Amino acid sequence: MLYSKKSLPLNQDDFQITLGKKGTLVSMVCESFEHHQSLEQTKNSLRELRELLNTLGVEPGSEHYQNRSKVDPATMLGAGKLEEIADIAREEGSEILVFDFELTASQMRNIKKITKLDVIDRCLVILEIFAHHARTAEAKIQIEIARLNYMLPRLQSLWTHFSKQKGGIGLKGEGEQQLELDRRIIRDKIASYKRQLVEVGKTRQEQRKNRENKVVTAALVGYTNAGKSTLMNKLCKVDVLAEDKLFATLDSIFRTLNPDSKPPMVLIDTVGFIQNLPNTLVEGFRTTLESALEADLLIIVCDLSDPNYKTHLHVTQEVLSELDIKEKDQIIVFTKKDKVTDPFLPKIVMRNLKASFIVNAMDKVDIKNLREYIVNYFLSQQELLDIFVPYEDGSAHSRVMGNTNVIKVENHESGIYYRIRVPDFIFNQLGLKKYILSDESPIQK
């Protein structure tokens, strides 16, 4: 069977997709069906589903779609078309039909009955990828809640052995009683995970408070597999997991961009966005993206070599709007320029989409220019001050050098003139206000 049937209570290994099998891809073209309203949309979505399966470790087989005037509420596609696809799937050695949209419990049952094959949908594929890639306790808990919420209405479809255990008239058979018990256990498990999530959330809030007024942050946001982790590796000179796979990063990762600045500049790598994200994941992963809420600068990363880069950029902007952070200061960085085949595309993008940078992450000059831009952005947001500190106040000199970004230094007869950049929240704690030079000061500025 496609799903393991271990005894409840459930754990992370329950209801997993068996890896290493082959799956035939199924979709449709229907004007009234979102994300599948045209042949182009459907083909793009199928291409993305193929990448998702590769990421998961399921071998993608052939692709099939049906043009429809309306969606069949029972089976999505027509029964005849499903039988035709099932025959092809068996011929090519597929054991699974993978649908490029979310299926209800009854649709799963009906399709299985017609095709005699295991059936999964896009939602379960993404859930399984998230489960395999989650690293932090919070991400793992969110995944479990999403998986359990997905399973709850589908238990009867997933556990087909229950249908053979019926009771008499007015009585519930052993299978039906077990089904109700399992549903209750799953609900209790969800409640338990939500309580755990609250406690983990408190820890995250404490960590956020510890960062407040101590660092400035820029968040890398964008479509999955746009090259965010690779960009972070090069900008911060670290080794964050960077794979040519969808959802290689699921947890927010913090790395220092410039430790010498005051305060330190930190770069945040966030979970990638995706079109047609399953409803069961939307709410759960808002918290994963909350790291972008605290960022002072948003760096929108988009793969220019992808033919759907405009759609990916649009999806990113939509998510930022939903998080109410679209108005934050932002720059757009198009990546993978070395893979762009149209020599005119970079110029068109810079002109029409107001891109800030088009980079090849392996080009040291590109990375140097981008890094300098980000550092200078943060410095430009800080207040520019001229101060004069007497020689006898040695402690004040130490505070200046240790807590501000010194741009210019001049030694005078009675003290030292400094031109500095520093955030208000830091300067107000340094006790240096009395040394600020007025416009009438004779000290050369």
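The numbers here are math on the coordinates, done by the rules we state, and not lab data. The shown structure was predicted, so the numbers you read here are calculated from the model rather than taken from an experiment. Cβ atoms come from the backbone with ideal geometry, glycine included; neighbour counts cover every protein chain shown.
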* **Rg in Å to one decimal, and Dmax rounded to a whole Å, for the range 346-445 via C-alpha atoms** => 18.9, 59
* Asked: Which links in Lys310/Lys337; Lys214/Lys408; Lys43/Lys116; Lys237/Lys310; Lys202/Lys328; Lys326/Lys364 stretch past 21 Å when you go from one Cα to the other?
  -> Lys214/Lys408; Lys43/Lys116; Lys237/Lys310; Lys202/Lys328; Lys326/Lys364
* Asked: Using the Karplus equation 6.51 cos²θ - 1.76 cosθ + 1.60 (θ = phi - 60°), what ³J(HN,Hα) coupling, rounded to whole Hz, does each residue of the range 39-44 give in order, writing x for Gly and Pro?
  -> 4, 4, 4, 5, 5, 5
* To do: List, in order, the whole-Hz ³J(HN,Hα) value for each residue of the range 423-436 obtained from phi through the Karplus relation with A = 6.51, B = -1.76, C = 1.60 and θ = phi - 60°; use x for Gly and Pro.
  => x, 3, 5, 7, 4, 5, 9, 8, x, 10, 4, 5, 9, 5
* **Packing rank of 320-329, 413-422, 293-302, where each peptide gets the mean count of other beta carbons within 10 Å, highest leading** => 293-302, 413-422, 320-329
* Give the dimensionless ratio obtained when the Cα radius of gyration of the range 21-113 is divided by 2.2 N^0.38 Å. => 1.02
* Taking the highest mean first, how do the peptides 99-106, 219-226, 390-397 order by number of other beta carbon atoms within 10 angstrom per residue? -> 219-226, 99-106, 390-397
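Based on the mean of other beta carbon atoms within 10 Å per residue, what is the order of 53-63, 138-148, most packed first? Walk me through the numbers before you get to the answer.
Values: 53-63: 18.9, 138-148: 22.5.
The most tightly packed comes first, giving 138-148, 53-63.
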* Structure fact -> Diffing the range 58-75: the Karplus 3J(HN,Hα) column from phi (6.51, -1.76, 1.60, θ = phi - 60°), in whole Hz with x for Gly and Pro, holds 9, 6, x, x, 6, 10, 9, 8, 10, 7, 9, 7, 8, 7, 7, x, 8, 9
* Taking amide hydrogens as modeled 1.01 Å from N in the peptide plane, which residues meet the under 5 Å criterion relative to Tyr65, leaving out close sequence neighbours? -> Ser27
